[in-house]
Amino acid sequence: MCAKPFDGSFGALMYRALLTEGSSASNPEVNVQPSWSKEKGGVRLSALAWVEHQNAFGKATRDYLDAPNLKRELQAGLERVRDRLAKK
């Protein structure tokens, strides 16, 4: 699993303002959990992505990134990984 905290860019600050529950919340992290398995014709890749943060009381909130355009970008990244694995 990969996790990356939001940086200080304007876009990241906008997402943080929309996703967090208040000014005392932790910095959100984008998480991507890939999985793969070998099949007859090659390799099957899939991934699950979410943004996770905590409020001041330690309650963790997980918002899954499942909008169609995000799924397409994630799928394109997985296909690039698949193609690199296929060359080896």
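The values are calculated or read from the model by the stated rules, or taken from the named source; none is laboratory data. All of these numbers come straight from a predicted model, not from anything done at the bench. Please note: Cβ atoms are built from the backbone with ideal geometry, for glycine as well, and neighbour counts cover all protein chains shown. Accessible surface is based on the protein model in full, side chains and every heavy atom, while ligands, DNA and RNA are left aside. Shrake-Rupley method; radii C 1.70, N 1.55, O 1.52, S 1.80 Å.
Screening region 61-84 for residues that are surrounded by fewer than 12 Cβ atoms within 10 Å (Cβ to Cβ) and of a type in the set (A, V, I, L, M) and picking the one that is nearest to V30 (Cα to Cα) gives A67. In the set (1) closer than 23 Å to S9 by Cβ; (2) open to solvent by less than 50 Å² (accessible area, probe 1.4 Å), L45 fails one condition alone, (1). Restricting the first member to region 28-52 and to residues that are part of a strand (DSSP E or B), and the second to residues that are open to solvent by 60 Å² or more (accessible area, probe 1.4 Å) and of a type in the set (F, W, Y), the beta-carbon pairs closer than 8 Å and six or more apart or on different chains are V43/W36; R44/W36; L45/W36; S46/W36; L48/Y64; A49/Y64; W50/Y64; V51/Y15.
Taking the numbered list (1) at negative phi; (2) open to solvent by less than 90 Å² (accessible area, probe 1.4 Å) in turn, K38 passes all entries but (2).
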